[in-house]
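Comments concern the structure below.
The values are calculated or read from the model by the stated rules, or taken from the named source; none is laboratory data. Computed from a predicted model, the values in this text were never measured in an experiment. No Cβ is skipped: glycine too gets one built from the backbone with ideal geometry, and neighbour counts run over all protein chains shown.
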Amino acid sequence: MTAPVALRPRRVAVVDIGSNSLHLQVAELRGDAAPRMLDTWRVPVRLGAYVAGRVRPEALDAAAVALRRLATRARAAGCDEVRASATASLRDATDGAQAAATLSQISGVPVRVLSGEDEARMAWLGARRRLDLGETPALVIDLGGRSTELALGEGDRVLRAASLPLGHLRCWSWMKPWDRAGLAAHARAIVGPVRPHFRAGGWRVAAGTAGTALTLMDMAARARGEATPPDRHGLTATLPELITLVDTIEATPAPQRLEMPGFDARRRDTLLPGAVVFLELLRELEVQRVTSSRGAVREGLVEAWLLEEPNGCSG
């Protein structure tokens, strides 16, 4: 009997072109085993800050330079292939397809624009693996710069997915002067139509991904006196804890917020609007306890890549 041929692990890289930053994930694909996540890098660009619906030329130039740098770094790490996927930063832009083509041409990295449902699926795949959910039904809330993706899944199957025009960068850009009640009402109006499909009953675990959720749950854990890991993964917070935290952030003068334990200085402008949106999502979807997941879209892109491999699987 001939022994099976062992597949040589190979290194690949994905770049998540988000509205706020470009994120690189280097990973090792190992046949039918779970991918091994290696190094990550982040470059802030704010590609999703538009001028009249179009990508700002200076932001596109900065994104192209960043993508080229990340691709060079990935190849130096031994990656034989690099792929990039853009989310709402280009999906919502009136010149998004042209911008993606420009990024591809300048960087030499193929760039595709994810649909909202595809982005939700990537968030689910990334969170599911990192949280070791197995077959547990779970809800993933991925609150980004320009959009929020909701995914209800079980195993490697996404049962329901939705993309909402809610994000910390989007809300910060138009919510001036500050109007918490108006922003909360806006968020409720947007999530309302999909609420029946994602509220409590169809899932046992709720997870929050991306920077706003990670920061809030890190701050909530520190407020309880807990030590938190550098990656802010696996932290939990209750809805009442988060309500109190957001009230405290709002009541604290902006310069003093930077002194609050766990406050991310990179989000000094956008954390509060993002937090208000996150709270309304939790309320509307009847989430009483949420867990932070470091695994999100870029890890999901790796998982999806593994599924494409001849002997790949996500189990």
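Pick from the stretch 252-274 the residues that are within 18 Å of residue 167 (Cα to Cα) and of a type in the set (Lys, Arg): which of them is farthest from the chain's Cα centre (by Cα)? Checking each candidate, the answer is 268. Being buried (at least 18 other Cβ atoms within 10 Å of the Cβ) and among the polar types (S, T, N, Q) is the filter; apply it to the stretch 15-71 and report the residue that is nearest to residue 270 (Cα to Cα). Only one residue fits best here, namely 20. If I filter the stretch 249-267 down to residues being of a type outside the set (A, V, I, L, M, F, W, C) and in contact with a helix residue (DSSP H, G or I) (Cβ under 7 Å, 6 or more places away or on another chain), which single residue comes out as farthest from residue 190 (Cα to Cα)? For the stretch 249-267, the residue satisfying everything is 261.
One line per residue, one yes/no per condition, for (1) closer than 21 Å to residue 169 by Cα; (2) assigned by TED's automatic domain parsing to the domain that holds residue 42:
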| position | (1), (2) |
| --- | --- |
| 63 | yes, yes |
| 72 | no, yes |
| 82 | no, yes |
| 96 | yes, yes |
| 109 | no, yes |
| 125 | no, no |
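For the stretch 95-143, the tally of residues that are among the charged types (D, E, K, R), over 19 Å from the mean Cα position of the chain (by Cα) and closer than 27 Å to residue 69 by Cα stands at 1. Could you please find all residues in the stretch 244-257 being assigned to a helix (DSSP H, G or I) and surrounded by 15 or more Cβ atoms within 10 Å (Cβ to Cβ)? Listed by number, the residues that qualify are 245, 246, 249, 257. Residue 171 meets each of the listed conditions (1) farther than 19 Å from residue 286 by Cα; (2) free of Cβ contacts under 8 Å to residues at least 24 places away in the same chain apart from (2). Contact map, the stretch 266-278: residues that are touching a residue at least 40 places away in the same chain (Cβ under 8 Å) and within 20 Å of residue 45 (Cα to Cα) paired with residues that are assigned to a loop (DSSP other than H, G, I, E, B) and not basic (Lys, Arg), Cβ distance under 7 Å, separation 6+ or inter-chain. Pairs shown: 271/264; 273/175.
Just one residue in the set 220, 296 is modelled with pLDDT of 95 or more and surrounded by 14 or more Cβ atoms within 10 Å (Cβ to Cβ); that residue is 220. Being under 23 Å from residue 49 (Cβ atoms), touching a residue at least 60 places away in the same chain (Cβ under 8 Å), of a type in the set (A, V, I, L, M) and crowded, with 16+ Cβ neighbours inside 10 Å is a description that applies to residue 123.
Scanning the stretch 144-178 for residues that are closer than 23 Å to residue 47 by Cβ and over 18 Å from the mean Cα position of the chain (by Cα) yields 173, 174, 175, 176. Residues in the stretch 282-296 that are more than 16 Å from the chain's Cα centre (by Cα) and not aliphatic (A, V, I, L, M): 283, 284, 286, 288, 289.
The condition (being modelled with pLDDT under 85 and farther than 27 Å from residue 229 by Cβ) is satisfied by just one residue among 173, 163: 173. When residue 215 is tested against (1) of a type outside the set (A, V, I, L, M); (2) buried (at least 18 other Cβ atoms within 10 Å of the Cβ); (3) free of Cβ contacts under 8 Å to residues at least 12 places away in the same chain, exactly one condition is not met: (3).
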